[in-house]
């Protein structure tokens, strides 16, 4: 029997200071997620085994927790016991009726060391009261409630000592309101969809990086590149660390910026400048900000998809990486996309992809964005244009990209 096809998606969960705390892992057996209950358990078992045993925790979660959605059949099955208790939070879907049997199963799981969460809570009732002593995290559906209802629910839950996670947060106002109420964790499009992130002050080094990116793309000489780097010592240190990293296999340390630039080469310099733009704008912690991680992950996934679809065209794969990485630069700098990329003098195919999602690269970008948002209509339509892709291939490349993005933050 062939292994069921699936998607594995991630949505960031952040703390009160917007630090990355966990991911909610989104398991699906098909694009429309229409599997029967029996198939749901079977397919979920295959996904869990594949993701956690075959692919490895570091690739999927890095060093963060993973929130796993459970239907009642899956909750009651032995399948979930393959999950490492120290790395996951078992999330009871709102469709589960909190019967005595469910409470008893949760008691068993908690005694075994598993962490439990309630999903999409919008009211406080007696059934919840009975299970709350077993629950570590309660996720509030803030979109389904009015502000005074959210405030009341937080007030009712606080005495139980649970952590309160505000989910479906999609605006600055919602985030600030829930933060002031004392919510501990946050999840939603405000954090995971960079197009609606509020703008932040641009650091001087980040602006110099943007200038450096333009110089690299314009193929400026090494003197111009060195002069720009001299204006930002912190970037020079970062560059030297990159060149000295084991990833490049250099036999000796590098103390000269000019030597570092020469050894790194144009192609790798271009790649790493793009990454550093995002890392610098997020206070230098590449994996601490969901926006930065999404940018790196998106660029790598687009590159790998292009290598799969057009293996003979290395230049196109490089452009695909750039499109994916720069597709979030407007959110990073808090400025319109046109204003940010105009000084970079991008190739027309790259510019069209970024500004209008047009052309081959623009279509691929829309496909990747559809996967990020679990948009069934978009992914179904666009997948039809790529006969060489199937769900297993996309999922494998997606997790490979996750692993690559995770390693970036550890390369010092």
Do any residues in the stretch 7-21 that are within 10 Å of residue 184 (Cα to Cα) have Cβ atoms under 6 Å from those of residues that are modelled with pLDDT under 80, where the two are at least six apart or on different chains, and which pairs are they? 14/191
Of all the helices (runs of 4 or more DSSP H) wholly in the stretch 144-196, which have at least 1 residues that are closer than 21 Å to residue 65 by Cβ and touching a residue at least 40 places away in the same chain (Cβ under 8 Å)? 172-181, 189-192
If we take the stretch 244-342, then helices (runs of 4 or more DSSP H) inside it with 2 or more residues that are crowded, with 21+ Cβ neighbours inside 10 Å and modelled with pLDDT under 65 are 257-281
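The values are calculated or read from the model by the stated rules, or taken from the named source; none is laboratory data. Remember, it's a predicted structure, so these values are computed and weren't measured experimentally. Note that each Cβ is placed from the backbone with ideal geometry, even for glycine, and that neighbours are counted across all protein chains shown.
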